[in-house]
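What follows is a set of notes on a single structure, which appears directly below.
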Amino acid sequence: MSRQWKPSFCSQDPQVDEDHRALFKLLDQLATHRRESDLEDLNGLLDQLLEYTFAHFSREENAMRIAGYPKLARHSEQHEAMRKALIESLRTVARGQVALPTFIQHLKDSFTYHFETDDMTFVTWEKARQAPEKKSDMPIQAGRSPRRGPLPTYSLGPGC
Ligand SMILES: [Fe+2]
Ligand SMILES: [Fe+2]
């Protein structure tokens, strides 16, 4: 089943969101090439995918470093494993050991899984870190309940 972009992938970081959406777009473009004979035509797209993926991982790790994310080392290891898996998968396709549609579907599934799990763990942590503390400027008056209302909402990155 083809997996689509979902608003729940959006984070607090517009650059991360832009990267994820661009990666989805590239994967969708790749998915339109389903025949083995398309492989040569795919070289440009695959180069873009590699370049963009590696640049995105660096930007995401940098955002985590700046934010002081405690799981940065683990996340970096996952990115490294994905880099190696991507390169190895490309080699198996080039050798004719894995069918092109299988490779593309697996790639999209593994990227989406990473967005939905590990990246979202960071997004959730970052949202909690940025949430304003629940303090009232007004002292609570005797006999009155503190104001109750909806929880604050957070603005999402452009395009989300
Ligand atoms: Fe990530
Ligand atoms: Fe990411």
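The values are calculated or read from the model by the stated rules, or taken from the named source; none is laboratory data. Computed from a predicted structure; not experimentally measured. As a convention, Cβ positions derive from the backbone with ideal geometry for all residues, glycine included, and neighbour counts pool all protein chains shown.
Residues in segment 49-67 that are within 12 Å of ligand 1 (Cβ to nearest atom) and closer than 18 Å to Val123 by Cα: 9 in all.
Being in a helix (DSSP H, G or I), without any contact (Cβ under 8 Å) to a residue 60 or more places away in the chain, within 18 Å of Asp19 (Cα to Cα) and more than 13 Å from the chain's Cα centre (by Cα), is that true of even one residue in segment 92-109? No, there is no match, as no residue in segment 92-109 is in a helix (DSSP H, G or I), without any contact (Cβ under 8 Å) to a residue 60 or more places away in the chain, within 18 Å of Asp19 (Cα to Cα) and more than 13 Å from the chain's Cα centre (by Cα). Contact annotation: residue pairs with Cβ atoms under 8 Å, 6 or more positions apart or on different chains, pairing a residue in segment 113-125 that is within 13 Å of Arg74 (Cβ to Cβ) and within 9 Å of ligand 1 (Cβ to nearest atom) with a partner that is part of a helix (DSSP H, G or I) and β-branched (Val, Ile, Thr), are Asp119/Val16.
Among the candidates Thr117, Thr112, the residue that is part of a helix (DSSP H, G or I), surrounded by 14 or more Cβ atoms within 10 Å (Cβ to Cβ) and either touching a Pro at 6+ places or on another chain (Cβ under 7 Å) or among the β-branched types (Val, Ile, Thr) (or both) is uniquely Thr112.
For segment 56-67, which residues satisfy the criterion of being out of contact with any helix residue (DSSP H, G or I) (no Cβ under 7 Å at 6 or more places or on another chain) and modelled with pLDDT of 95 or more?
Result: Ser58, single match.
Matching residues to (1) at pLDDT below 90; (2) surrounded by 10 or more Cβ atoms within 10 Å (Cβ to Cβ):
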{"position": "Leu50", "(1), (2)": "no, yes"}
{"position": "Thr92", "(1), (2)": "no, yes"}
{"position": "Pro152", "(1), (2)": "yes, no"}
{"position": "Ser155", "(1), (2)": "yes, no"}
{"position": "Cys160", "(1), (2)": "yes, yes"}
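Of all residues in segment 71-81, none satisfies being among the hydrophobic types (A, V, I, L, M, F, W, C) and in contact (Cβ under 8 Å) with a residue 24 or more places away in the chain. Flag not set for Ala128, criterion: small (Gly, Ala, Ser) and surrounded by 12 or more Cβ atoms within 10 Å (Cβ to Cβ). Taking residues in segment 13-34 that are under 14 Å from Arg59 (Cα atoms), and partners anywhere that are polar (S, T, N, Q) and at pLDDT 85 or above, the pairs with Cβ atoms closer than 8 Å and at least 6 places apart or on different chains are Leu23/Thr53. Could you please let me know if Phe103 is surrounded by 15 or more Cβ atoms within 10 Å (Cβ to Cβ) and within 13 Å of ligand 2 (Cβ to nearest atom)? Here the answer is no, as Phe103 does not meet what is asked.
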